[in-house]
Amino acid sequence: MITVETQVKVPFLWGKTVFKKSHWNQVNLIVGPNGSGKTVLAQELVKQFKKSGYEITYLQSDRAEKEDFLKKLKKDPQLRKKIDGVLLELFGKSLSECHGLKQIIMLLVALYSPETKCLFVDEPELHLHPQFQQFFMNEIRKTAEADPTRIFFLITHSPYFIDLRYAEDLVGVVVCHVNRAPTSIEELSTKDEMLFRRFLPRFNTYHKQFFFSDNQIFVEGYTDQQIFTHLLNCIENKYGAAGTGVIDVGGKDELGVFFKVCSLLGTDGRIITDLDSLFAGKLRDVVCDDERPASWLNSQVEKQMPFYRMLFTTRELETPITLEKLIRRLEKYLTNIGKCVAKLEYPLTPDVELYSEKIRALYEKYEKPESLDTFKTVVLQGIIELDEQLKDVLPIPLAQTVPLILNLANMILASIEAARVYILPKGCIEHFYRQTNVQYMPVSGKDRLFHAEIEYMMELSVSELKTQYPELVAILTRACFRTGA
């Protein structure tokens, strides 16, 4: 870790806010969308690192320094010999035969020159094949390891330079944003380090898109990714949808990790997830710890106090109303109703009978199903779908909790949306399909159901998609909304 105190003001880009950072890695990345001020920030950092005693080499994006670097190559036989060997290994050609490779040659001259102690490279990916972008990044790593006094800054749009191998590498990432100050991680807690160590080995080039846009949406799997990507054309606010990517992360717990990374780096990542995320997993943990739901709930205390008095005892109300507290109370209500529904006696309406069978099947399969996220999800799905029918078959005390549960669930979902997490209220994406009637979780045969649905969707016009999938379009529209836009 290198300590250099920096403070950058750029009023025309981000008003009165000051970007401050004192902890730097040997290899640092300045990333973000076009027009977010990456180059301006880099130029200001150059000045401040110079004041701290660093000799700066700065390769601008126009590579105006190209001839100076090539002259340096001619004057330094050792440098020439080293680069000649690298080119022979890479291309099977000597330096004299590589006239068309001036970009990589210039980068190598800047990197290998012994007098280069602090190197800034604006858009190192220019004219470089991804294979050679990775090669150059590896060479930077080797050079940094060989000389701990050297420091590097890459101002980049390329995911191939987002080479995060260790959790502490995240400290070297500075994210620029449109119309607001850059953000970064000054230091990681032990808890976050453990989380990211588990995450980084599965962090691929596709996932790295969120470093270059504040408008990425993360989903659990490829079916969600395909469905929501297909619905992006339905978003009427084209500004909000512009630059939006839908990224599948490969699992519910991975959503929690991406949420945490976005939160720490200050990127406005959004998540669309299944209803069962409410009851278990890393995403629930990190959202409950996030300050945005807490702030939203705090703003609702006076308005919602009559409702809270119906949920909690006077003693329970002596402690703050938190998201975790509300979810736990919801789980308690769901457990009581689930136990009762599993024991309902016939005759029942077909809908309630199916609901009872689903819950009963969980009791037959598991010793304590009440602890499962699937159990709680199924119970809540039934309450949302069967509201009035349940009131007719439940004992009066339990029937009276049904409207409380619905109001409580809506409040929880609204508070979570304050953290840009959008939960599918019907369960999972398959419950919104038009070609099949899927009821309750878990869902089997997802791949077969998805292919039938996506083929149907591809035949529909934008107006037809809006008509057929209004709830999904509404969720996607909220997720695409840009704060402050």
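The values are calculated or read from the model by the stated rules, or taken from the named source; none is laboratory data. Here the structure is a predicted model, which means the values were calculated and not measured. FYI the Cβ positions are ideal-geometry reconstructions off the backbone, even for glycines, and counts take in every protein chain you see. The accessibility values were calculated without ligands, DNA or RNA, using every heavy atom of the protein model including side chains. Shrake-Rupley method; radii C 1.70, N 1.55, O 1.52, S 1.80 Å.
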- Answer yes or no: is there a residue in the range 288-307 that is open to solvent by less than 30 Å² (accessible area, probe 1.4 Å), of a type in the set (A, V, I, L, M) and closer than 21 Å to residue 421 by Cβ. yes
- Task: Any chance you could count how many residues in the range 458-476 are open to solvent by 60 Å² or more (accessible area, probe 1.4 Å), touching a residue at least 60 places away in the same chain (Cβ under 8 Å) and not aliphatic (A, V, I, L, M)?
- Result: 1
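Listed here are the residues, each with its yes/no results for (1) surrounded by 16 or more Cβ atoms within 10 Å (Cβ to Cβ); (2) assigned to a helix (DSSP H, G or I); (3) in contact with a Pro (Cβ under 7 Å, 6 or more places away or on another chain).
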position	(1), (2), (3)
320	no, no, no
326	yes, yes, no
333	yes, yes, no
351	no, yes, no
359	yes, yes, no
374	yes, yes, yes
383	yes, yes, no
- Residue list for the range 186-228, restricted to those being in a loop (DSSP other than H, G, I, E, B) and open to solvent by 10 Å² or more (accessible area, probe 1.4 Å): 186, 187, 188, 189, 203, 204, 205, 206, 213, 214, 220, 221
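Is it the case that the range 403-414 has a residue that's more than 27 Å from residue 292 (Cα to Cα) and β-branched (Val, Ile, Thr)?
Checked against the condition, which is being more than 27 Å from residue 292 (Cα to Cα) and β-branched (Val, Ile, Thr), the range 403-414 yields no hits at all.
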- Query: So which of 363, 346 ends up being in contact (Cβ under 8 Å) with a residue 12 or more places away in the chain and either open to solvent by 70 Å² or more (accessible area, probe 1.4 Å) or part of a helix (DSSP H, G or I) (or both)?
  - Reply: 363
- Query: Quick one: how many residues across the range 1-56 are open to solvent by 30 Å² or more (accessible area, probe 1.4 Å), more than 27 Å from the chain's Cα centre (by Cα) and closer than 23 Å to residue 162 by Cβ?
  - Reply: 2
- Message: Among the residues that make up the range 103-113, is at least one of them modelled with pLDDT under 80, in contact with a Phe, Trp or Tyr (Cβ under 7 Å, 6 or more places away or on another chain) and either among the small types (Gly, Ala, Ser) or not in a helix (DSSP H, G or I) (or both)?
- Response: no
- Residue under evaluation residue 439, criteria (1) at pLDDT 95 or above; (2) open to solvent by 40 Å² or more (accessible area, probe 1.4 Å); (3) more than 24 Å from residue 234 (Cα to Cα), criterion not met: (1)
- Item | Complete set of residues in the range 102-143 that are within 21 Å of residue 85 (Cβ to Cβ), open to solvent by less than 50 Å² (accessible area, probe 1.4 Å) and either more than 33 Å from the chain's Cα centre (by Cα) or among the aromatic types (Phe, Trp, Tyr) (or both) | 103, 105, 106, 108, 109, 110, 112, 113, 116, 132, 135, 136
